[in-house]
Amino acid sequence: MIFDKHGVLEMTQLDYNTNRPKAANPIKINDVSLRDGHQSLFATRGRTEDMLPVAEMIDDAGYNAVETWGGATFDTMHRFLAEDPWERLRTLKKVMPKTPFSMLLRGQNVVGYRNYADDVVKAFVQRSVDNGMDIFRCFDALNDYRNFETAAQVIKDNDKHFQGVVCYTLNQPRLGGDVYNMDYYLNKVKELVAFGVDSICIKDMAGLIAPYDIYNMVREIKKITDIPLNLHTHFTSGMGDLAIFKAIEAGIDIVDTCIGPYAYRTSHAAVEPLIMSLLGTNRDTGMDIKKITAISDEMEKYIPKYKHLDNNPKYATTDINVLLHQTPGGMLSNLVNQLKAMDALDKLEDVFRMLPKVRKDLGNIPLVTPTSQIVGVQTVNNVLFDSYEGEYANITEEVKDLCYGLYGKTTEPINSEVQKKALKGYPRGEEPITGRPGSILEPEMDAVREKFKDLTQDADDEVLCALYPVTGKRFLKWKYGMEEVPADVKAKTMEEVDKELELIAKALSGELKVGGAAYDGQMQEMEVIVDGERFNVAIPMGKGMGRSTKKKKKKEGKENNVEGAVLAPIPGMIVNFMKQNGDSVVEGEIILVLEAMKMMNNFQANKDGVLSGIKFESGDTVSKGDVLFLIE
């Protein structure tokens, strides 16, 4: 029988043997389970201890590369898991020596949410190399490749692989329109080729790319260059594996996938169906499906630890609405969480309506970290605090930086009125820059070393504090035993999970006693909610499995009826007080910086007077309505 060709894909003899002959043009597979998989599904809360049981198995599975680090992992590990990010890299490298490691690097943003000085970028990249990183997937949120220059030089100096990224975004449900069309992406690819990258990644962070759009794009790119091409797409819209297949038919070289338990929903397509589907073709992966299923079975053992972090409240595994509002899954969950914390979830539709307008005002920029947070948080601020549409009454520091040019060149010009308002009184000046942002930033590392010299013990600690001075300082106190690690940060054990599941099973089966029991001091009553039904159960004293999901505040600030009090309009974390109790202040002077949803918000004096009422410290969390300070 003679079969049709499917692009570059051709049918061959079907062979199930694990030692089958190598395909003529095998597709290379990257695994992203250990980074983007759990980042997408479980808020990046995957712990190293649950990766180690499968690490050697993944290393032996025949992947092109394994993404183990970068993205949100650096932030989440030290902030929420009390884990040293550098230690994870070193630990995994010891047990996975064969397969190249890959990381996601945000260019001049490194693994943070602002552009850092060149010396911070250089220090981070060098320490990443020294700790075991091989492939640096480097992107810029604005597709402004000047923000690659510093990182790329260090990567090249160390003979490591530099993968340049084109961030894929849309203004409409499919590829096209006046801005994000085929010409835009082909021009960006040409820029990367001229830059001298080792490979190119089409990074579709929201799962927007349609099968025939990626097919056509790959065919066109292959006319421009033979540099290896990598597709990274999410399953959010439901088109992820369809897009991967059409890309393979078009001749793409590498695709990203996850292993079953970490796949689908807002994550990536699973590798297992891909392996089986490409058997009997010239693009056969050459991988052994039995090795992958063994990894999947082992992963399943630890998934119960993370089920409570599932960020999808819907039963459906796809969300085609992402094509309508172009909001990446992580950005969407951030918006929902922010509105919930402010008792304003009813404003979500207003946020969706306003989001395209704010994005347009800010230069029609791609929506990927950190620009997705910048646009999202500013949109929420506009909906909640503006007295009329377009007022921009509460502009975040990151929007001001964007308007100044500190993130680079936007896709289209920023709305001139918004830009003028944002830059009024801006410390660096009111005239935007046009050069490479990193070139105007003063070196930071010497000041960091001096500031944290009594706490840091090596170069890795110093880089951590340079990137995250507040949460980094707190983590190092945990790491070196200066402060106790909070209970809600400690790892949940499988024993705890099993006990919780046992309680739920008993509640559902009717085996638990409901209320009214006498406990003679040995038992305590505990309320359990299962599928919306409440049960009062008796358990041994001190054996409650519940964990607080909120960070404990050091001080209580609910004195909101005090005259002259400035209240927190949003929940967040205190970054720094610029003034202290007893200081004289003038109206408009910045008193404190509050981090909310990774964005910085300045709070100013609302009148002249003397400052008092400060009860919080750097690193404390505050709730909406807490008193931040008083002016008398």
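Looking for something closer than 28 Å to Leu309 by Cβ and open to solvent by 10 Å² or more (accessible area, probe 1.4 Å) - is there at least one such residue anywhere in the stretch 252-260?
Here is the first cut: in the stretch 252-260, the ones closer than 28 Å to Leu309 by Cβ are 255-260.
Narrowing further to those that are open to solvent by 10 Å² or more (accessible area, probe 1.4 Å): 260.
Yes.
Would you point out the residue of the stretch 160-184, among those that are farther than 26 Å from Val121 by Cβ and surrounded by 20 or more Cβ atoms within 10 Å (Cβ to Cβ), that is modelled with the lowest pLDDT?
Kept after step one, since they are farther than 26 Å from Val121 by Cβ, are these residues of the stretch 160-184: 170-184.
From what's left, surrounded by 20 or more Cβ atoms within 10 Å (Cβ to Cβ): 170, 175, 180.
Values: Leu170: 94, Leu175: 97, Tyr180: 97.
For the stretch 160-184, the residue satisfying everything is Leu170.
Just to verify a result, which residue in the stretch 381-408, among those that are among the acidic types (Asp, Glu) and within 19 Å of Pro356 (Cα to Cα), is most open to solvent (accessible area, probe 1.4 Å)?
Step one: of the stretch 381-408, the residues among the acidic types (Asp, Glu) are 386, 389, 391, 397-398, 401.
Checking the rest, the ones that are also within 19 Å of Pro356 (Cα to Cα) come to 386, 389, 391, 398.
Details: Asp386: 31, Glu389: 109, Glu391: 37, Glu398: 13 Å².
The residue in question is Glu389.
For a quick check of your reading of the model, give me the residue pairs whose first member lies in the stretch 71-88 and is modelled with pLDDT under 95 and of a type in the set (A, V, I, L, M, F, W, C), whose second is outside any loop (DSSP other than H, G, I, E, B) and open to solvent by 10 Å² or more (accessible area, probe 1.4 Å), with beta-carbon atoms closer than 7 Å and at least 6 apart or on different chains.
Matching pairs, first to second residue: Ala72/Gln39.
Identify all residues within the stretch 386-403 that are of a type outside the set (A, V, I, L, M, F, W, C) and either within 13 Å of Glu417 (Cα to Cα) or in a loop (DSSP other than H, G, I, E, B) (or both); write none if there are none.
Taking the stretch 386-403 as the starting set, the residues that turn out to be of a type outside the set (A, V, I, L, M, F, W, C) are 386-392, 394, 396-398, 400-401.
Of everything in the stretch 386-403, those that are of a type outside the set (A, V, I, L, M, F, W, C) and either within 13 Å of Glu417 (Cα to Cα) or in a loop (DSSP other than H, G, I, E, B) (or both) turn out to be Asp386, Ser387, Tyr388, Glu389, Gly390, Glu391, Tyr392, Asn394, Thr396, Lys400.
Which residue is farthest from Arg90 (Cα to Cα), if the candidates are limited to the stretch 62-74 and must be open to solvent by less than 10 Å² (accessible area, probe 1.4 Å) and of a type in the set (A, V, I, L, M)?
Of all residues in the stretch 62-74, those open to solvent by less than 10 Å² (accessible area, probe 1.4 Å) come to 65-71, 73-74.
Then drop every residue that is not of a type in the set (A, V, I, L, M), which leaves 65-66.
On the way: Ala65: 16, Val66: 14 Å.
So the residue we want is Ala65.
When you scan the stretch 470-511, how many residues do you find that are closer than 25 Å to Val593 by Cα, open to solvent by 30 Å² or more (accessible area, probe 1.4 Å), assigned to a helix (DSSP H, G or I) and in contact (Cβ under 8 Å) with a residue 60 or more places away in the chain?
2
Restricting to the stretch 250-270, count the residues that are on the phi < 0 side of the Ramachandran plot and in contact with a Lys or Arg (Cβ under 8 Å, 6 or more places away or on another chain). Give the steps one after another, and end with the answer.
Initially, the stretch 250-270 is screened for residues on the phi < 0 side of the Ramachandran plot, giving 250, 252-263, 266-270.
Right, trim to in contact with a Lys or Arg (Cβ under 8 Å, 6 or more places away or on another chain) and you get 250, 253-255.
Looking only at that region, the number is 4.
Give Asp198, Asp213, Asp157 a once-over and let me know the one that is without any contact (Cβ under 8 Å) to a residue 24 or more places away in the chain and either among the small types (Gly, Ala, Ser) or open to solvent by 10 Å² or more (accessible area, probe 1.4 Å) (or both). Reasoning before the result, please.
Working: Asp198 fails: without any contact (Cβ under 8 Å) to a residue 24 or more places away in the chain; Asp213 fails: without any contact (Cβ under 8 Å) to a residue 24 or more places away in the chain.
The match here is Asp157.
Taking the stretch 294-328, which residues are farther than 25 Å from Glu496 by Cα, buried (at least 17 other Cβ atoms within 10 Å of the Cβ) and among the small types (Gly, Ala, Ser)?
Scanning the stretch 294-328 gives no hits.
Taking the stretch 423-456 on its own, how many of its residues are open to solvent by 60 Å² or more (accessible area, probe 1.4 Å), in contact with a helix residue (DSSP H, G or I) (Cβ under 7 Å, 6 or more places away or on another chain) and outside any loop (DSSP other than H, G, I, E, B)?
The total comes to 1.
Taking the stretch 574-613, which residues are basic (Lys, Arg) and either loosely packed, with under 14 Cβ neighbours inside 10 Å or under 26 Å from the mean Cα position of the chain (by Cα) (or both)? Show your work before the answer.
Here is the first cut: in the stretch 574-613, the residues basic (Lys, Arg) are 579, 598, 607.
Within the stretch 574-613, Lys598, Lys607 meet the criteria.
Among Gln338, Gln378, Gln373, which is the only one that is of a type outside the set (Asp, Glu), touching a Lys or Arg at 6+ places or on another chain (Cβ under 7 Å), open to solvent by less than 50 Å² (accessible area, probe 1.4 Å) and in a helix (DSSP H, G or I)? Please lay out each step first, then the result.
Working: Gln338 fails: touching a Lys or Arg at 6+ places or on another chain (Cβ under 7 Å); Gln378 fails: touching a Lys or Arg at 6+ places or on another chain (Cβ under 7 Å).
Every option except Gln373 fails the conditions.
Specify the residue that is most open to solvent (accessible area, probe 1.4 Å); the eligible residues are those in the stretch 341-370 that are in a loop (DSSP other than H, G, I, E, B) and either at positive phi or out of contact with any Pro (no Cβ under 9 Å at 6 or more places or on another chain) (or both).
Restricting attention to the stretch 341-370, the residues satisfying the condition of being in a loop (DSSP other than H, G, I, E, B) are 342-344, 362-370.
In the following step, the residues that additionally are either at positive phi or out of contact with any Pro (no Cβ under 9 Å at 6 or more places or on another chain) (or both) were identified as 343-344, 362-366, 370.
Working: Asp343: 131, Ala344: 8, Leu362: 0, Gly363: 0, Asn364: 9, Ile365: 0, Pro366: 0, Pro370: 1 Å².
Restricting to residues being in a loop (DSSP other than H, G, I, E, B) and either at positive phi or out of contact with any Pro (no Cβ under 9 Å at 6 or more places or on another chain) (or both), the top hit is Asp343.
Can you find, within the stretch 321-349, the residue that is farthest from Asp626 (Cα to Cα) among those that are among the hydrophobic types (A, V, I, L, M, F, W, C) and modelled with pLDDT under 85?
Leu324
Please find, among Asn143, Asn147, the residue that is crowded, with 24+ Cβ neighbours inside 10 Å and not in a helix (DSSP H, G or I). Write out each step before concluding.
Working: Asn147 fails: not in a helix (DSSP H, G or I).
Going through Asn143, Asn147 in turn, the sole match is Asn143.
Being at pLDDT 95 or above and open to solvent by 40 Å² or more (accessible area, probe 1.4 Å) is the filter; apply it to the stretch 265-293 and report the residue that is nearest to Met494 (Cα to Cα).
Here is the first cut: in the stretch 265-293, the ones at pLDDT 95 or above are 268-293.
From the residues that got through so far, the ones that are open to solvent by 40 Å² or more (accessible area, probe 1.4 Å) too are 273, 276-277, 286, 289-291, 293.
Numbers: Pro273: 30, Met276: 33, Ser277: 35, Gly286: 35, Ile289: 28, Lys290: 26, Lys291: 24, Thr293: 22 Å.
Per the criteria, the residue is Thr293.
Which of the residues that make up the stretch 94-112 are of a type outside the set (A, V, I, L, M) and open to solvent by less than 20 Å² (accessible area, probe 1.4 Å)? Can you show your working first?
As a first pass, look at the stretch 94-112 and keep what is of a type outside the set (A, V, I, L, M): 94, 97-102, 106-109, 112.
If the condition is that a residue be of a type outside the set (A, V, I, L, M) and open to solvent by less than 20 Å² (accessible area, probe 1.4 Å), then Thr99, Phe101, Ser102, Arg106, Gly107, Gln108, Asn109, Gly112 are the ones that fit.
Do we have any residue at all in the stretch 75-93 that's open to solvent by less than 10 Å² (accessible area, probe 1.4 Å), of a type in the set (Asp, Glu) and within 29 Å of Arg474 (Cβ to Cβ)?
Checked the stretch 75-93: at least one residue is open to solvent by less than 10 Å² (accessible area, probe 1.4 Å), of a type in the set (Asp, Glu) and within 29 Å of Arg474 (Cβ to Cβ).
Looking at Tyr63, is it modelled with pLDDT of 95 or more and of a type in the set (Ser, Thr, Tyr)? Give the steps one after another, and end with the answer.
Values: modelled with pLDDT of 95 or more: yes; of a type in the set (Ser, Thr, Tyr): yes.
When the stated conditions are applied, Tyr63 passes them.
The values are calculated or read from the model by the stated rules, or taken from the named source; none is laboratory data. Quantities reported herein were computed from a predicted structural model and do not represent experimental measurements. Every residue, glycine as well, gets a Cβ built from its backbone with ideal geometry; the counts of neighbours run over all protein chains shown. Just so you know, the surface numbers come from the protein's heavy atoms only, side chains and all, with ligands and any DNA or RNA stripped out. Shrake-Rupley method; radii C 1.70, N 1.55, O 1.52, S 1.80 Å.
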